[in-house]
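Have a look at the structure below, then the notes.
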Amino acid sequence: MGLDQRLRFFSRKKSPIRTLDYLINVDGYRSYWRDWDIAREFISNAVDAEEGDWGKVSIKTSGNSLEIYNKSRSLEIKDLYFGNSSQGKGIDKGYIGRFTEGMKIAIAAAARSGYSMTISFGHYTAKPSVNVQDGLRALRINIEKSETPINGTLVKIDGIKNVADILKEKIIMPNDKRIITSIQSSIQALDAKGIFVGGMYVCDNDGYAWGYNFSPWLIRMSEGRNIIDTNDIQHNLGALVQYAENKTYWRGLFNHMKAGQRIKEGDIWPFIFDMSPIVKKTISEAWKEVFGTNAVVEDELAREVSYRGGKIVKKCQLLEILAKSKAVQDSTEFIREYEQVPASFLSLQELSEKELLAYDVISSIVLRYAPAYKLEIFMALGKERENESGFCSYKKKVIAINREQLKSSQNIVDTLLEELTHAIYNTTDMSRKHADCMRLLATQMLFDDKARDYISRLNWIYGCVDAVASKSTR
């Protein structure tokens with residue numbers, strides 16, 4: 001190289017106008033930060049600078065290179081000082097910041113990973129590197145004067161492997177196909193697993209049925225944007241899920257519950273008084289599609305519902321609240337609907353001679369103790385009422401006995417005593433009041449001569465007819 005060439009070379013060589021040395025060990029400082037954490041921080045800063053408008057942020061990848069640019073807010077030299085923050089003030093939506101402590105962590109993490117980085121802002125360019133001092137790998141940032149000033153801030157990082165795949169996995173862009181339902185503008189439920197804030201992945205969604213994308217002003221995070229208070233997620237889900245009109249979302253939650261999976265959505269507390277009729281209808285339809293009309297929320301009537309053939313859905317806070325809002329069926333509703341299910345009542349002509357004799361005696365007992373009620377004999381069709389010995393319908397004033405119970409006088413007496421107690425005292429199965437009233441009625445019948453005669457006649461019918469039938473088969 002000749003003298004003239006050497007002079008021209010040195011004249012082009014830039015000298016830093018300022019060198020910032022940080023006496024921190026870059027290998028130990030926030031050692032858990034990796035490639036995504038670095039990218040997330042600078043992308044977050046750019047989105048914050050544009051007040052959440054992703055359309056104004058340029059994100060480009062090429063090979064192992066990442067370029068992030070926003071034109072609305074230029075970094076300042078003082079923003080590179082540790083302890084200084086240019087966190088946004090007076091921003092209605094409360095974005096986390098602009099160029100804050102997290103940015104310095106990201107710079108240190110990129111430097112220790114050996115990535116080449118330049119940060120261009122205004123008339124300057126910052127170039128981080130590792131400076132070894134007394135065996136300590138410390139952070140150094142050289143600030144140079146830029147020949148081409150720019151508006152905003154441009155970050156270039158070279159060396160991140162598979163950077164395009166990382167961003168595709170970790171960023172929920174507008175109109176992303178992974179979004180299956182919009183609950184509200186503030187939150188989106190995703191089939192992409194994870195908790196996202198402002199469209200960027202923050203942490204795994206362990207225990208949740210869906211991934212969620214929260215708006216930044218709803219969630220408080222650590223300076224590194226990778227720690228969220230779980231109470232914030234629960235509170236905001238409860239506040240926002242009341243707007244979920246998409247059946248796919250609710251069907252997904254109920255399918256998890258049906259499979260017995262413990263989901264954290266079960267702990268949320270939706271504000272049911274603000275829930276619209278459309279949302280309630282959506283929830284109810286999803287509930288019936290998953291659990292059917294016999295599904296109920298477990299409560300003090302659970303044993304009675306189970307006795308009547310209903311499924312008991314494991315109780316959780318969400319279901320209890322939804323049941324109170326009548327968005328899902330509770331036990332009381334199930335029992336009321338169950339009583340109105342049309343039974344296959346048999347005509348007297350369909351009864352055998354023995355059954356007809358028993359029917360006359362049972363009708364006499366019903367007339368004596370519950371004169372407003374009519375006796376019916378029913379036959380179970382398929383699974384409908386197949387496990388039920390009898391039932392009492394307050395609305396239709398009917399006491400019904402399953403035909404299967406007519407095989408034994410003891411079964412008849414037990415079932416009749418049960419259903420007469422319901423009719424006379426308006427009690428609920430398995431309740432303390434029901435048990436007490438049934439004992440009271442049994443005592444009354446025991447000292448009632450007419451009732452004793454009826455029961456004796458039942459016993460005679462079954463004993464006599466059975467004896468005749470036994471002799472005829474010898």
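Coordinate-derived values only; no laboratory data. None of these values were measured; they are calculated from a predicted model. All Cβ positions, glycine included, derive from the backbone under ideal geometry; neighbour counts span all protein chains shown.
Look at the dipole of the chain built from charges on Cβ: of H235, V361, L416, the Cα furthest out on the positive end belongs to H235.
Rounded to the nearest 0.05, the FRET efficiency derived from the C-beta distance between D449 and E320 at R0 = 51 Å is 0.50.
Checked against a 26 Å cut-off, the cross-linked pairs K247/K326; K324/K395; K127/K177; K264/K288 give Cα-Cα distances beyond that limit for K127/K177. Indicate the gyration tensor shape class of the stretch 105-263 (rounded, prolate or oblate), computed on the Cα atoms with a ≥ b ≥ c the square roots of the eigenvalues: a/c under 1.5 is rounded; otherwise a/b larger than b/c is prolate and the rest oblate. Verdict is prolate for the stretch 105-263. For the stretch 179-337, the equivalent ellipsoid derived from the Cα gyration tensor has semi-axes of 31, 15, 13 Å, listed largest first. Placing +1 on the Cβ of every Lys and Arg and -1 on the Cβ of every Asp and Glu, with no other charges, gives the stretch 179-337 a dipole of roughly 360 debye about its Cα centre. The alpha-carbon atoms of the stretch 344-469, seen along their principal axes, cover 42, 38, 23 angstrom, with the largest extent given first. Note on the stretch 266-344 and the stretch 347-411: Cα centroid distance 29 Å, given to the nearest whole angstrom. Given that compact globular proteins tend to follow 2.2 N^0.38 Å, what is the ratio of the alpha-carbon Rg of the chain to that value? Normalised Rg, Cα atoms only: 1.64.
Packing-based ranking of 264-272, 42-50 yields 42-50, 264-272, ordered from highest to lowest mean Cβ neighbour count within 10 Å. The packing ranking, built from the mean of other Cβ atoms within 10 Å per residue, places the peptides 72-79, 188-195 in the order 188-195, 72-79, highest first.
Across the stretch 305-331, the residues whose backbone nitrogen lies under 19 Å from the label position 7 Å along the beta-carbon direction of K288 are 310-313, 322-331. Under the simplified labelling scheme, the L20-Q234 pair shows an inter-label distance of 4.0 nm, with each label point 7 Å from Cα along Cα→Cβ. Packing-based ranking of 337-348, 276-287 yields 276-287, 337-348, ordered from highest to lowest mean Cβ neighbour count within 10 Å. The angle between the Cα long axis of helix 101-112 and the main principal axis of the chain comes to about 70°, on a 0 to 90 degree scale. Remark on the stretch 11-170: ratio of C-alpha radius of gyration to 2.2 N^0.38 Å is 1.01. Ordered from longest to shortest, the equivalent ellipsoid semi-axes for the stretch 157-218 are 21, 12, 11 Å, each the square root of 5 times a Cα gyration tensor eigenvalue.
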